[in-house]
Amino acid sequence: MELRAYVYLDRMQPQFAAYVGANSRGYIPVSGMASILVEISPGVLINRVTDACVKAANIRPGMMVVERYFGVLEFHSQAEADVKQAGDAALKVLGITIEDRVKPKILSSQIIHKVNAYHAQMVNISRLVSMLLPDQDLYILEVEPAAYITLAANEAEKNSQITLVDCRAIGAVGRLYLGGKKGDIERAASAAEVAIEAITGKES
């Protein structure tokens, strides 16, 4: 068993919470809630994690994804203590500690200045959140394992006035698209990458 990711969010930001709610099949979170996202391999074990979490504390699962090679669970609550208690239960049932998680890697980071209108439309065709507008700067971040991209998205929004355009937290690679003014994008990029680089864990 591998703990691919363990992500704690102290306060879900408005755009990020809206994204999670719009793309969840479970209990929908709202801005300001605390959240934990767990990604493990093999995927079927995520059922044991979900069972332990919902029995340990007053939390609500927002997303549970079960694939053969990975499983993902997101849960949240208004009370940080409940989220942390459920997170401890997840680690306990797996017989591991938070330091057993995989340390994330930034695979790609780029800023594109003053996006062309046609480019913006191509991004918007498949986006999961908000629209990228022509002449905005575009920030794209790729992280492995994928679930850590949620931390990057939330911290970027917490620290800058940007538009959350797309966030892909499931699969082999996590990918984030942000739109905004040059200075805002630069601050968001810095906040996102500092948050990812601060995560401790085992080298994959």
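Quick one: which of V72, V93, V115, V83 is surrounded by 16 or more Cβ atoms within 10 Å (Cβ to Cβ), in the same structural domain as A147 (by TED's automatic domain parsing) and in contact (Cβ under 8 Å) with a residue 24 or more places away in the chain?
V115 is the lone residue from the list that is surrounded by 16 or more Cβ atoms within 10 Å (Cβ to Cβ), in the same structural domain as A147 (by TED's automatic domain parsing) and in contact (Cβ under 8 Å) with a residue 24 or more places away in the chain.
Are any residues in region 1-28 surrounded by 21 or more Cβ atoms within 10 Å (Cβ to Cβ) and at pLDDT below 95, and if so, which ones?
Scanning region 1-28 gives Y19, V20.
Mind checking which helices (runs of 4 or more DSSP H) fall wholly inside region 117-204 and carry at least 3 residues that are small (G, A, S)?
149-159, 182-197
Restricted to region 127-167, and to residues that are within 18 Å of S41 (Cα to Cα) and touching a Leu at 6+ places or on another chain (Cβ under 9 Å), which residue is surrounded by the fewest Cβ atoms within 10 Å (Cβ to Cβ)?
Out of the qualifying residues, it is E144.
Quick check on my filter: what residues within region 86-103 are among the charged types (D, E, K, R) and either touching a strand residue (DSSP E or B) at 6+ places or on another chain (Cβ under 6 Å) or under 16 Å from E197 (Cα atoms) (or both)?
E99, D100, R101, K103
Kindly establish whether K103 is among the basic types (K, R) and either surrounded by 23 or more Cβ atoms within 10 Å (Cβ to Cβ) or touching a Lys or Arg at 6+ places or on another chain (Cβ under 7 Å) (or both).
yes
Which members of region 119-136 meet the condition of being in contact with an Asp or Glu (Cβ under 8 Å, 6 or more places away or on another chain) and modelled with pLDDT of 95 or more?
The one that is in contact with an Asp or Glu (Cβ under 8 Å, 6 or more places away or on another chain) and modelled with pLDDT of 95 or more: V123.
The values are calculated or read from the model by the stated rules, or taken from the named source; none is laboratory data. Note that this is a predicted model, so its numbers are computed, not measured. FYI the Cβ positions are ideal-geometry reconstructions off the backbone, even for glycines, and counts take in every protein chain you see.
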